[in-house]
Amino acid sequence: MNLSSKLSDPRLYRQHAYVDGKWIHGEGGREEAVFDPATGDALGYIPWLEPHQIRAAVDAADAAFVHWRALRADERCERLLAWYDLLQANREDLAILMTLEQGKPLPDARGEVEYGASFVRWFAEEGKRTFGETIPSHIPNAALGTLKEPVGIAALITPWNFPLAMITRKAAAAMAAGCPVIVKPAGETPFSALALAELAERAGIPAGVFNVVLGEPAEVSQLLCAEPRVKALSFTGSTRVGRLLLEQCANTVKRVSLELGGDAPFIVGPDMDPREAAFAAVTAKFQTSGQDCLAADRILVHESIHDEFVVHFAERMAALTVGNGMESEVDMGPLIHAQAVGKAAGIVDDAISKGATLVAGDQSQAPGENFFMPVLLTGLTRDMRLWQEESFAPIAGVMAYADDDEAIALANDTQYGLAAYVYTHDIRRIWKLLRALEFGMVSVNSVKMTGPPVPFGGVKQSGLGREGGITGIDEYLETKYYCLGALGSVSGS
Ligand code: NAD
């Protein structure tokens, strides 16, 4: 496929890594094909860099750090705002690139560009507010306080389900704080990351501040984790890989931020209109074809409205159009690759073999090899893979519960703790659930919960740290305490 012919600006399509302001080839001849998951067509090839090229990226970032941190916060803000403007101006091309490499419907890709860009604007401004403190002194004739300083080079390792926003949510925070970044995007979706680099260059972000390295995932990650000059690692991806990277960062005692798996419960109270809750649950489950860390994976419905809820859920689900995300009127694109389809089929088979009822989901209707039709299963039980694993597929499992305490115990019965949804209008129930749910984010009567002003992140094995909000930039800042002594008589000391 001639991908550049699909774009108004073909220079946004790059098949090279971006290091120190230069587009580079791999020097060992290794490369990887990138596929359109909807058609199976090869979209292009990306080079795999050799270890010495990864080290060169660290050298470049190290050199750039000196100048980037020395800029005033308002100067960094101007560059980031220029980047934001370019993301907006090239929104359509960025969305097309994303749909082609990731598969999500074009309107969703446009939404992700908007969402991703919003973090650049947010952190451009937040960089101007990294205030230190004045500390009332307990030491005679001394002035005490803190300064906020950039932590240093940040390595950012990101997944394929949100190929643009998972980069900007980290990179904009790090760069606003004064840190250069080395981004390692997922091999399935490198083109969004490379387009971001092209636009960063046009925005006047200096060479070495925003780098994109490509390569064999375990090899590149290991090099970045072992590198003492890399001071922070921010990773979004699976809990399995997150654990591995946390271990690999131990030797150099890095600052580590992890945004990991989800497995969100979606709790519907007995007072709720079952139709309203079912429609919301369909959105919360099937966005990004279920390949979403916020996907409503375990739907818990009060027994008094369970049957009605299931009827409405099935009705709404049947209205979803599955197809190539580049076509209009498509609600759900393909899964990322054939292995994901195989895993989804295995999870459904496992549930049925353990007693679940398949209400809807006929895979013979799938429009292509990488597609998986939305599935609704009732009679979900805790011994099923669908309960125990993050399915990352459009498979909805519904379980009935008897009272709030049971709903809480079921919802918390997971290693994950990213997000939970609660649907009820009973204020006492809302408060009880809000306090008892062991999740980093609880959304009540709303599917939409994310955006730049909120602290996004999980507890338990869903991660460490928060992205976005007024604390997101702290992941890239050190606190330096100072004591200015022997000042003579200092008023107020
Ligand atoms: P993944 O863990 O397989 O890959 C993520 C990144 O790690 C990619 O860049 C990949 O190339 C790299 N990687 C893969 N194997 C590696 C290895 N052995 N060593 C080092 N690096 C390796 O995750 P994925 O399949 O790309 O993304 C899906 C996961 O991401 C899901 O678990 C989802 O819940 C999670 N996710 C979480 C959030 C969040 O904010 N909490 C957001 C989006 C996705």
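Rule-based calculations on the coordinates, nothing more; no lab input. As the structure is a computational prediction, the values presented were derived from the model and not from experiment. Note that each Cβ is placed from the backbone with ideal geometry, even for glycine, and that neighbours are counted across all protein chains shown.
Phi-derived couplings, Karplus 6.51 cos²θ - 1.76 cosθ + 1.60 at θ = phi - 60°, listed residue by residue for region 63-68: 5, 5, 4, 4, 7, 5 Hz, with x used for Gly and Pro. What the Cβ-Cβ distance of L81 and T146 gives, at R0 = 25 Å and to the nearest 0.05, is a FRET efficiency of 0.35. Taking 32 Å as the limit for the C-alpha separation, the pairs K170/K285; K128/K231; K285/K460; K254/K343; K148/K432; K6/K184 exceed it in the case of K254/K343; K148/K432.
Annotation: amide H-H contacts under 5 Å for V459 (H modelled 1.01 Å from N, sequence separation of 5 or more, or interchain): G417, L418, G440. Once backbone amide H atoms are built at 1.01 Å from N, G28 has E50 as its partners under 5 Å, excluding neighbours fewer than 5 places away on the same chain.
This ranking places K285, K460, K448 by how few other beta-carbon atoms lie within 10 Å of each, fewest first, which gives K448, K460, K285. Judged by the gyration tensor of its Cα atoms, with axes a ≥ b ≥ c, region 103-165 is prolate; a/c meets the 1.5 cut and a/b is the larger of a/b and b/c. The value of relative contact order for the chain, using C-alpha pairs under 8 Å at least six residues apart, is 18 percent.
For region 397-414, putting each phi into the Karplus relation 6.51 cos²θ - 1.76 cosθ + 1.60 with θ = phi - 60° gives couplings of x, 10, 10, 8, 10, 9, 8, 4, 5, 5, 4, 5, 4, 5, 4, 7, 7, 6 Hz, in residue order, rounded to whole numbers and with x for Gly and Pro. 3J(HN,Hα) along region 144-155, derived from phi through the Karplus expression 6.51 cos²θ - 1.76 cosθ + 1.60 where θ = phi - 60°, amounts to 10, x, 10, 10, 9, 10, x, 6, x, 5, 10, 8 Hz, with x in place of Gly and Pro. In this structure, the amide hydrogen of I267, modeled 1.01 Å from its nitrogen in the peptide plane, lies closer than 5 angstrom to those of L300, Y421, V422, Y423, counting only residues at least 5 positions away or on a different chain.
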